[in-house]
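Only the coordinates and a few stated rules stand behind these numbers; no lab work does. Please read these numbers as outputs of a predicted model, since none were measured by experiment. Cβ coordinates were reconstructed from backbone atoms using ideal geometry, including for glycine residues, and neighbour counts include every protein chain displayed.
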């Protein structure tokens, strides 16, 4: 157990209303050694983010209740700098230039269009969480 304690895995919050996408992302990221927490909508994602303060958030745009863009806006407006500075990568089927521009204007750090290649997603995650490693 002492070996397990030596380095806490980096945490990623996956917020997507599609259970299959959540499970796929969890599988891919857990396999890479990340600790994954999942949420099925923006309200739940925001609540979890405020609680666990993950190292990275993967956030869908189109969700019921609170959209990913509204969740992103709430994260960026948070007074706690540990929350407002969490890198957020939008993952969505909305591929239009205006969609990307709006997400980036609201504070998204990057944007991935579904369907995505797993290796591209993993490389993007690594670029945020392990920028000094060469892949």
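Have a look at 68, 107, 42 and tell me which one the Gaussian network model of the chain (Cα, springs below 10 Å) gives the largest fluctuation. Highest fluctuation of the listed residues: 107. With the helix formula -39500 (n - 2.57) applied to DSSP H stretches of n ≥ 4, the chain reaches a computed 222 nm mean residue ellipticity of -13000 deg cm²/dmol.
Seen against the Cα atoms of the chain and their longest principal axis, helix 68-77 is set at about 70 degrees.
Axis angle, to the nearest 10 degrees, between helix 118-129 and the longest C-alpha principal axis of the chain: 80 degrees. Each peptide among 69-77, 93-101, 124-132, 28-36 gets the average number of other Cβ atoms lying within 10 Å of its residues, and from highest to lowest they stand as 69-77, 28-36, 124-132, 93-101. The angle between the Cα long axis of helix 42-52 and the longest principal axis of the Cα atoms of the chain comes to about 30 degrees, rounded to the nearest 10.
Pairs of Cα atoms nearer than 8 Å and 6+ residues apart set the relative contact order; for segment 22-129 it is 23 percent. Would you kindly calculate the translational diffusion coefficient of the chain, applying Stokes-Einstein with the Kirkwood radius from alpha carbon pairs, for 4 °C and a viscosity of 1.567 mPa s, and quote it in µm² s⁻¹ without decimals? The estimated diffusion coefficient comes to 86 µm²/s. Segment 101-135 and segment 27-77 have Cα centres separated by 14 Å.
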